[in-house]
1. Pull up all non-local amide H partners of Ile38: gap of 5 or more, or a different chain, and H-to-H distance under 5 Å with H placed in the peptide plane.
2. How far, in nm, would the chain grow between Glu6 and Arg19 when pulled straight, counting 0.36 nm per residue and subtracting the alpha carbon separation?
3. Please list, in order along segment 56-64, the HN-Hα scalar couplings obtained from phi with the Karplus expression 6.51 cos²θ - 1.76 cosθ + 1.60 (θ = phi - 60°), rounded to whole Hz, x for Gly and Pro.
4. What number comes out for the charge environment of Leu121, summing +1 per Lys or Arg and -1 per Asp or Glu over other residues with Cβ under 14 Å away?
5. Given H placed on each backbone N at 1.01 Å, which residues far from Met111 in sequence or on other chains put an amide H within less than 5 Å of it?
6. Non-local amide H neighbours of Tyr125 (under 5 Å, H modeled in plane, Pro and chain starts lacking H): which ones?
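Please treat every number below as a calculation from the coordinates, not as lab data. Because the structure is a prediction, the values reported are computed rather than measured. Cβ sites come from the backbone with ideal geometry, for glycine too, and all protein chains shown count toward neighbours.
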Amino acid sequence: MFMYCEGLTEIDLSTFDLRKEQSTNAMFSNCKKLENVIIPTDRFTSTTLTDTQYMFDGCENLRGVQQDDGGYLLDLRGLINNASPNYMFRGCKSLQALDMSTWTINTGFNMIETFAYCENLETIYAGKNWSEARNTSGSLTFANCFKLVGASGFAFANNEAADAGSYVYAN
């Protein structure tokens, strides 16, 4: 939809109704100057959205996705059934924190390079729904996320072990 919009720095999606969408694949991919996306909470709660692959891939300046009811941490409450966030935030070098505590992580959840190359990512908030995250698959989920620290101070070690099953735990 907005892929490769090189001049796009901010977008307010309050006029978009995404409740029935099944895919936002590559929606903002390679919008390198994009800093902020405002998503209307009441229009992004989806039980049908299952594909967010590449949604923000290559958005180097993305600082956050803001809900219209406040909060600046990325909080994609509507993506509870998302089975495919592969490459979703890859290369989002400016992201520092993500709130994904409402996501439901089920067996078969794929996270290939979901956060890879998010060099400034320090925190991902995960809730009790992430307790079965060891059943996820995904190579290099956290590749080059050197600032990321997990539960009880568990720090990023190397790219070989940067997969979803090794690093995702509810804290």
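1. Result for Ile38 returns Ile11, Asp12, Leu13, Gln66.
2. Roughly 2.0 nm would be gained on extension.
3. So the Karplus estimates, Gly and Pro as x, are 10, 3, x, 7, 4, 9, 5, 9, x Hz.
4. Spelling it out: positives minus negatives among the neighbours equals -1.
5. Ser137, Gly138
6. Those qualifying (amide H under 5 Å, at least 5 residues apart or on another chain) are Leu98, Asp99, Met100.
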